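Working notes, beginning with the structure itself.
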There are 2 protein chains.
Amino acid sequence: MKRKITLKQIANELDVSISTVSKALRNSIEISEDTREKVQAFAKLYNYRPNNIALSLKNRKTKTIGVIIPEIVHHFFAKVIRGIELVANKRGYNVIVGLSNESFDKEVINMQMLANGSIDGFILSISKETLQQQDYHHFNETISQGMPIVMFDRVINEIHCDKVIIDDMKGSKNAVDKLLKNGCKHVAIITTKDYVSVGRLRTQGYLQALEDYKMTPDSNLILKVDDELLSEDHLDSLEKEIEELFKRNKKIDGVFAVNELYAIIAMKVARKMNLNIPDDIQFIGFTDGVLSKHATPSLTTVSQHGQEMGEKAADLLINKLENEDEEEQYETVVIETNLIERESTK
Amino acid sequence: MKRKITLKQIANELDVSISTVSKALRNSIEISEDTREKVQAFAKLYNYRPNNIALSLKNRKTKTIGVIIPEIVHHFFAKVIRGIELVANKRGYNVIVGLSNESFDKEVINMQMLANGSIDGFILSISKETLQQQDYHHFNETISQGMPIVMFDRVINEIHCDKVIIDDMKGSKNAVDKLLKNGCKHVAIITTKDYVSVGRLRTQGYLQALEDYKMTPDSNLILKVDDELLSEDHLDSLEKEIEELFKRNKKIDGVFAVNELYAIIAMKVARKMNLNIPDDIQFIGFTDGVLSKHATPSLTTVSQHGQEMGEKAADLLINKLENEDEEEQYETVVIETNLIERESTK
DNA sequence: TTGTACGCGTTATCAA
DNA sequence: TTGATAACGCGTACAA
């Protein structure tokens with residue numbers, strides 16, 4: 001087992017100084033052709049590679065991006081990571097991943113672990129618990145220590161940093177527009193409690209679409225699901241809630257759900273009640289994942305373009321990292337959503 | 001914007017030496033109570049944290065695990081990552097992720113990037129291209145440089161390292177057993193070409209189950225899908241292939257698919273042909289993902305326990321890292337699969 | 001009780 | 001053309 005070889009070892013073997021080796025390897029004209037060749041041959045033989053850690057220490061740059069997301073077993077976040085990784089690697093950066101698991105404490109701890117020199121900057125999406133507690137000190141501290149942050153999807157306006165979001169309101173408005181245009185008269189929405197910003201915004205889009213069509217919103221048609229219900233164990237009770245919604249309002253002929261799982265479950269309930277999709281009732285979800293594509297019937301969704309968000313976020317962060325002295329100007333990039341029409345709508 | 005504070009800065013401010021500060025912060029009894037308090041107060045005020053990079057360089061340990069997977073937008077791999085991250089964090093390690101995107105070159109490059117000091121060891125699952133080319137030099141080189149590797153799921157016997165796998169053969173044998181026990185007389189299998197080891201093993205399990213039931217395998221019932229078909233664009237032709245399979249063999253009353261997507265698509269085809277699931281035909285897939293759970297009908301699957309694999313892999317790797325001098329003994333851990341019965345079987 | 005010196009691996013600057 | 005030295009930030013053995 002040969003340990004990784006260092007400049008010093010090469011220098012010893014070849015009876016030259018460390019700096020000579022270093023220069024020779026970088027092909028410096030200071031060094032004679034002879035020694036250069038000798039050193040390079042030797043280095044190649046022993047497969048020399050400069051030690052990243054030493055370089056990081058010296059350059060005060062790690063060429064590594066820290067990513068903190070609430071959850072990775074989630075199609076959207078996985079796609080974002082892929083986008084980040086793609087751009088990061090292309091631009092010579094590594095990606096280190098931390099999962100907050102929707103917990104405030106884990107988010108803070110993870111950020112602290114990484115902020116102590118391991119990375120050059122953060123890309124993150126805020127955990128639900130943090131959003132609920134509205135405690136953002138860890139973001140501000142990180143930023144004030146000179147470490148740039150790019151937030152995506154779940155962001156907060158008060159924090160000054162680059163952001164990549166989609167226009168949740170517009171996206172859901174378009175979706176509901178579609179349902180109304182398709183002739184739906186009683187469109188229900190299945191959404192989250194309001195503290196989840198994207199849930200709130202998507203609800204607003206729903207209301208706006210109704211307004212545009214001069215329809216008065218009916219609170220009976222608005223189901224605000226308690227978030228806990230997303231955890232696997234509570235899916236059954238979610239199903240019951242939706243069933244009650246449908247039974248209370250037999251006229252529902254269109255459903256907009258703020259994520260794909262809600263939509264899929266709602267379709268399941270509808271089918272159980274012998275409703276025909278899309279003839280009796282139409283469905284649109286949000287976030288384009290595997291479920292939407294492969295469900296039967298396949299689900300029309302508002303696509304969030306996770307990978308693109310990741311790519312953009314990585315570009316923003318690396319740009320900031322590589323133009324240190326630029327004026328402090330923060331950008332909020334809005335990624336366009338689009339409606340992917342499938343079988344669940346006419 | 002205050003830069004991160006260092007020992008040296010604290011020492012300067014307080015007019016003591018760097019080592020005094022260092023010792024004071026670690027509460028060394030060498031240092032007087034007085035200075036200790038003074039230093040600690042100051043450090044706390046400025047939120048001092050030791051620089052990880054410097055520690056890594058000094059200790060020759062990064063406390064970071066490198067994970068190379070073929071794809072992250074994939075429920076199974078995402079679950080593995082979550083498992084790895086869980087254990088790693090608990091044991092004080094970070095996780096850095098590289099995606100090979102099923103490409104040999106990217107796998108090699110990614111490993112090289114990380115092997116130069118950025119991490120202490122690898123957890124990885126081999127890309128399809130690498131498996132096809134059977135070029136494993138990068139693994140051997142890494143290992144011979146003293147950097148431990150733990151492979152999971154897609155592994156190769158020739159490489160000496162810890163491994164975490166499932167018993168693919170047994171898992172699929174159990175699945176097919178179930179179909180046969182349920183009365184299926186003509187069980188088809190939808191699998192991959194043989195170079196994908198897990199596909200090959202699962203096919204073997206299928207054959208073995210038949211043998212146990214004294215049934216002779218019918219090559220007409222074995223569909224070996226070209227792997228390219230998994231890429232999103234080719235799903236249509238996969239659908240056609242399956243349709244032809246069903247039309248060629250009208251008697252098929254059971255289908256075992258080596259992954260959940262194949263199974264879901266096969267169910268779709270069956271439904272289109274007006275076959276009733278599970279009365280006319282039963283289905284079992286492999287890998288328990290979201291699709292299986294939320295499909296209609298929900299799909300009976302062999303669960304792979306991705307998270308558990310990740311946890312085990314992380315434990316194996318960290319154990320190896322923290323017991324350097326132990327004898328070189330490699331372990332292959334087999335994670336039990338189990339059949340999750342849902343609506344697609346009787 | 002405190003401080004000096006060294007080493008981790010690298011590069012840049014300056015001296016020989 | 002080559003080599004010595006300092007510096008990145010830290011911890012520790014040893015000297016004062």
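Read-outs: derived from the displayed coordinates by stated rules, not from any lab. As the structure is a computational prediction, the values presented were derived from the model and not from experiment. All Cβ positions, even for glycine, are placed from backbone atoms using ideal geometry, and neighbour counts span all protein chains on display.
Observations
- Kirkwood Rh (inverse of mean 1/r, distinct Cα pairs), chain B, angstrom: 22.9 Å
- Restriction of the trypsin sites (Lys or Arg not before Pro) in the stretch A:1-80 to DSSP coil positions whose beta-carbon has at most 16 other beta-carbons within 10 angstrom yields A:K2, A:R3, A:R26, A:R60, A:K61.
- Along principal axes, Cα extents of the stretch A:172-247, largest first, whole Å: 38, 29, 18
- Counting only Cα atoms, the size of the protein assembly as shown along its three principal axes is 80, 66, 50 Å, in decreasing order.
- Distance histogram in 10 Å bins (all Cα pairs of the stretch A:7-50, percent per bin): 33, 63, 4
- Nearest 10 degrees, 0 to 90: helix B:75-90 Cα axis against chain B principal axis: 30 degrees
- Cα-based shape type of the stretch A:168-304, given that a ≥ b ≥ c are square roots of the gyration tensor eigenvalues and the cut on a/c is 1.5: rounded
- Exam field: A:E13 pseudo-label spacings to other copies (7 Å along Cα-Cβ), nanometres: 4.6
- Calculated FRET value between B:Y136 and A:E336, using beta carbons and R₀ = 51 Å, to 0.05: 0.70
- Amide hydrogen neighbours beyond the local backbone of B:T301, cut-off 5 Å, H modeled: B:G285, B:I340, B:R342
- Each Lys and Arg Cβ is given +1 and each Asp and Glu Cβ -1; about its Cα centre, the stretch B:175-273 then shows a dipole of about 600 debye.
- For the stretch B:1-98, the Cα gyration tensor yields ellipsoid semi-axes of 38, 13, 12 Å (square root of five times each eigenvalue, largest first, whole Å).
- Label geometry 7 Å along the beta-carbon vector: A:E244 inter-copy distances in nm: 5.3
- Convex hull (Cα only) mean projected area of the stretch A:39-167, reported in nm² to one decimal: 9.7 nm²
- The charge dipole of the protein assembly as shown, taken about the Cα centre with unit charges on the Cβ atoms of Lys, Arg (+1) and Asp, Glu (-1), comes to about 100 debye, rounded to the nearest 20.
- Entry for the stretch B:86-241 at q = 0.09, 0.15, 0.16, 0.18 Å⁻¹: log10 I(q)/I(0) = -0.41, -0.91, -0.98, -1.11, Debye formula applied to identical alpha-carbon scatterers, no solvent contribution.
- Bridgeable aspartates and glutamates around B:K44 (alpha carbons under 19 Å apart, same-chain partners fewer than 8 residues away excluded): A:E141, B:E13, B:D15, B:E33, B:D34.
- A point 7 Å from Cα along Cα→Cβ stands in for B:S28, and the other copies hold the same point at 3.5 nm, listed in rising order.
- Modelled FRET efficiency - R0 22 Å, B:S298 with B:T216, Cβ distances, 0.05 increments: 0.10
- DSSP beta bridge pairing in the protein assembly as shown, given as percent antiparallel to the nearest 5: 10 percent
- Neighbour net charge for B:G205 - beta-carbon separation under 13 angstrom, K R +1, D E -1: 0
- Using a cut-off of 18 Å between Cα atoms, the listed pairs B:K193/B:K251; B:K181/B:K346; B:K128/B:K224; B:K240/B:K272; B:K181/B:K224 include B:K193/B:K251; B:K181/B:K224 as exceeding that distance.
- The stretch A:162-215 - convex hull of the alpha-carbon atoms, volume per residue in Å³: 75 Å³
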